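Undergrad: So that we are looking at the same thing, I have put the structure below in structure tokens.
The values are calculated or read from the model by the stated rules, or taken from the named source; none is laboratory data. Only a predicted model underlies this, so the values are computations on that prediction, with no experimental measurement involved. Virtual Cβ from ideal backbone geometry, glycine too; neighbours counted across all protein chains shown. The protein model used for the area step is the full one, side chains on, heavy atoms only, and it has no ligands, DNA or RNA in it. Shrake-Rupley method; radii C 1.70, N 1.55, O 1.52, S 1.80 Å.
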Amino acid sequence: MNLSTLSDSAFDVVFFTVGRLRRLALAALIAIGFYPHLANGNGVKAGPFEIEFRSERNFAVSSNMNPFKLYKQARYKLLHNGRPVSFSPNSTDGGKRNWLAGDLLEAHFLYSNGTPVVLVCTETGTYLVNDQNGKPVVQRLHEQPTKRFQFLDSAAGQPGELQELNAGPNADAMGRDLGKTGTLMLLPDLNGILDLSTLEFRIYNALKLHKWVYDDPDFGGFSFDESPTGQARVWWPAKRQFALVRYKYVGSARLFAFELVDLKTDTAYFVPFDLNQTRLTALGDITPAWMNHHFQWNGDKLSLKMDQKSLPWIGSLNAAPYGHFNYNLQPVTPEMQKVLMKFLVENFGAVADGSKQMSHVTGLTIQGKPFKLNYYDTGQTVVLEPEYGSPRALTLQIAEQFNHELAQGNHQALFTQFRPGGFSQ
């Protein structure tokens, strides 16, 4: 019997579930005629698979203790050639009928050698589904649902961004293509890597050891960061190694190091580096070219080039908090704000807006679009910040042109040294 059809003549009720008990509670409620509302959305198809969105409304106790507060949660259903795929921890046969097996937390498309497969999360784990000889085959990767993913080789062969798997309760979140170019998919919550060329999943001890590591002597005092700050930065296919950034505090000083995860040996090692020597102003500026300039390989171990000449300081578009697109110059003296303002006037027709003037902020209009030019003494930072409605393309154009000047050696005397805390963002 279809839950969506039943919902037309049913009403919502209060029930509380925890973890895997949710399925049992839901089954009991169905038996007596009480159940949440499930609204089917249009399916998204790829190959023999179709992912159907089902918006579920439940009651919950809100922060103000209102027991009748409704919230919406996304649920999914996976079809193979029009038939529901079943998920059971003890079975690989996705065609076998299973009570409530279609109630999925997540379902998204991946591609193995150009053929669509589906990554699925349920309350009993994380699964991968592929088609074999016209039948759905279910592979259970882990007993818990994963929440994040990152490809090691999706951005011109280098790591893509660490992303949240849960895209929200709306229909446009269903059936996302998580990536058609990446092959090695890092699933941090599962401590493993999925090889989409072979559909093999391997759990690594080197990744397991990361859990809840803080100021650990076995890690040289460096801490593990589970946020996007701690994502994989550079991937070396020939070495089967990728680099992540770690830091630790010694007094007020923040020290940085790369952690190299070796997939051949399932081990990890650390390579400390100095921000002022390497001129690194944002983690997003770590590229293979930057790594090749400052680091070298000794066999299968990465090491810092001790006597390498530093590159010129330049600005960054990767230093802003999430969701912003600022042009950031650090560490600089206050004079840099005036120099950048002069450059904007001469090259982009910038006009100061006196109504937005403050001691450290210059309001201005560039090609009819509002911006702010700030200097922050605590971080020794000049930030060109586009306000709402200002196109990113204009900020990018400004950054490229001023960075070109800096790369030629201009204005380098206006840069200083990072304070003990390192870069500001």
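Undergrad: Can you confirm whether the range 288-309 contains a residue that is under 30 Å from Ser154 (Cβ atoms), at pLDDT 95 or above, acidic (Asp, Glu) and surrounded by fewer than 18 Cβ atoms within 10 Å (Cβ to Cβ)?
TA: Yes: one or more hits.
Undergrad: Filter the range 129-145 down to the residues that are in contact with a Pro (Cβ under 8 Å, 6 or more places away or on another chain), surrounded by fewer than 18 Cβ atoms within 10 Å (Cβ to Cβ) and at negative phi and list them by number.
TA: Passing the criteria: only Glu143.
Undergrad: Here is a follow-up. Spot the failing condition for Asn191; the list is (1) surrounded by fewer than 19 Cβ atoms within 10 Å (Cβ to Cβ); (2) at pLDDT 90 or above; (3) out of contact with any helix residue (DSSP H, G or I) (no Cβ under 6 Å at 6 or more places or on another chain), and only one is missed.
TA: If we test Asn191 against (1) surrounded by fewer than 19 Cβ atoms within 10 Å (Cβ to Cβ); (2) at pLDDT 90 or above; (3) out of contact with any helix residue (DSSP H, G or I) (no Cβ under 6 Å at 6 or more places or on another chain), just (3) comes out false.
Undergrad: Now for a separate question. Would you pick out the residues in the range 224-234 that are at pLDDT 80 or above and crowded, with 16+ Cβ neighbours inside 10 Å?
TA: Listed by number, the residues that qualify are Phe224, Gly230, Gln231, Ala232, Arg233, Val234.
Undergrad: Considering only the range 202-223, I want to know if a residue exists there that is outside any helix (DSSP H, G or I), surrounded by fewer than 18 Cβ atoms within 10 Å (Cβ to Cβ) and modelled with pLDDT of 95 or more.
TA: Within the range 202-223 (the criterion being outside any helix (DSSP H, G or I), surrounded by fewer than 18 Cβ atoms within 10 Å (Cβ to Cβ) and modelled with pLDDT of 95 or more), the answer is yes, since at least one residue qualifies.
Undergrad: Does the range 414-421 contain any residue that is surrounded by 12 or more Cβ atoms within 10 Å (Cβ to Cβ) and of a type in the set (Gly, Ala, Ser)?
TA: Within the range 414-421, one or more residues are surrounded by 12 or more Cβ atoms within 10 Å (Cβ to Cβ) and of a type in the set (Gly, Ala, Ser).
Undergrad: For the range 107-128, name all the residues that are β-branched (Val, Ile, Thr) and open to solvent by 10 Å² or more (accessible area, probe 1.4 Å).
TA: Thr115, Thr124 - these are the residues of the range 107-128 that are β-branched (Val, Ile, Thr) and open to solvent by 10 Å² or more (accessible area, probe 1.4 Å).
Undergrad: Give the residues of the range 146-170 that are at pLDDT 90 or above, in a loop (DSSP other than H, G, I, E, B) and open to solvent by 40 Å² or more (accessible area, probe 1.4 Å), sorted by residue number.
TA: Across the range 146-170, the qualifying residues are Lys147, Ala156, Glu161.
Undergrad: Same structure again: Please identify the pairs in which a residue from the range 376-387 that is under 19 Å from Ala352 (Cα atoms) and among the basic types (Lys, Arg) has its Cβ atom under 8 Å from the Cβ atom of a residue that is surrounded by fewer than 18 Cβ atoms within 10 Å (Cβ to Cβ) and modelled with pLDDT under 90, counting only partners at least 6 apart or on another chain.
TA: none
Undergrad: What are the pairs with Cβ atoms under 7 angstrom where one residue, in the range 273-289, is within 14 Å of Pro420 (Cα to Cα) and the other, located anywhere, is open to solvent by 50 Å² or more (accessible area, probe 1.4 Å)? Sequence gap at least six, or different chains.
TA: That search, which allows pairs on different chains as well, returns Asn276/Gln417.
Undergrad: In the list Gln337, Gln330, which residue meets the criterion of being touching a residue at least 12 places away in the same chain (Cβ under 8 Å), open to solvent by less than 10 Å² (accessible area, probe 1.4 Å), farther than 24 Å from Ala156 by Cβ and of a type in the set (S, T, N, Q)?
TA: Just one listed residue meets the conditions, Gln330.
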